[in-house]
């Protein structure tokens, strides 16, 4: 381990400054939004032990790296340590962000549940009740209209809202009919494939249940949503009158 004497012999490349004047700092325009969950986690850790971890700013005191640490430190009223790197701008912010460890959606879910956010608690309850292990699938079902990107952004930023809980519950009642024949019935690919068929206006679930009695044992794992759709329609169309069959072509479902 390097001794203090050895450290003094090394060149000083950057100075670490300290202050409690938080108003001298600002965020870089275009940087990602402050995530309250991350801030609360940092505050909890800092209350247990406050370690020196300088933020990086440019010559205008815009925060290049450490905006969450800055927010937590400011809210706790602790001494802020910072390093000045001149000419750093948004491209450097983006490069630093890329090397940070990415949180999983399950981390966000558990974190917001621990903060008592009701929509996240309801989401967790829905997942536990329906044996869903994928947060992606829960988001797909609990807000079936919004785009995937919007749902993910809202979910990570703590503003996620459930929009289709009753529909999701009814869907899961139908999806569970596949469980006796296929252990992976609640995986993302299979559930999304069945969702596409389930939402088709000519789909008859009673017909599917009847066909599962004969064809259920033929359900096997597939590598894409499209392949699952084709397999499910083979089951659905087995000994079904031509005018009631459902066809999958060019990514769309249609009837004769």
* Structure fact -> Of the residues in region 72-106 that are modelled with pLDDT of 85 or more and within 30 Å of residue 125 (Cβ to Cβ), the one that is surrounded by the most Cβ atoms within 10 Å (Cβ to Cβ) is 72
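Which of the following residues is part of a helix (DSSP H, G or I) and under 18 Å from the mean Cα position of the chain (by Cα): 119, 145, 75?
Numbers: 145 fails: part of a helix (DSSP H, G or I); 75 fails: under 18 Å from the mean Cα position of the chain (by Cα).
Step by step, each of 119, 145, 75 is checked, and only 119 is part of a helix (DSSP H, G or I) and under 18 Å from the mean Cα position of the chain (by Cα).
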* Selection within region 169-182 - over 15 Å from residue 134 (Cα atoms) and either under 22 Å from the mean Cα position of the chain (by Cα) or in a loop (DSSP other than H, G, I, E, B) (or both) -> 169, 171, 179, 180, 181, 182
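Just wondering, is there one or more residues in region 202-220 that are under 21 Å from the mean Cα position of the chain (by Cα) and surrounded by 15 or more Cβ atoms within 10 Å (Cβ to Cβ)?
Here is the first cut: in region 202-220, the ones under 21 Å from the mean Cα position of the chain (by Cα) are none.
No.
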* Asked: Among the residues of region 210-256, which ones are assigned to a loop (DSSP other than H, G, I, E, B) and in contact with a helix residue (DSSP H, G or I) (Cβ under 6 Å, 6 or more places away or on another chain)?
  -> 222, 238, 256
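Suppose the filter is part of a helix (DSSP H, G or I), modelled with pLDDT under 90 and outside the structural domain of residue 200 (by TED's automatic domain parsing); does residue 152 pass it? Let's see the steps before the verdict.
Details: part of a helix (DSSP H, G or I): yes; modelled with pLDDT under 90: yes; outside the structural domain of residue 200 (by TED's automatic domain parsing): yes.
Yes, satisfied.
The values are calculated or read from the model by the stated rules, or taken from the named source; none is laboratory data. Keep in mind that this is a model prediction, so the values were computed, not measured. Methodologically, a virtual Cβ is constructed for each residue, glycine included, from the backbone with ideal geometry; neighbour enumeration extends over all protein chains shown.
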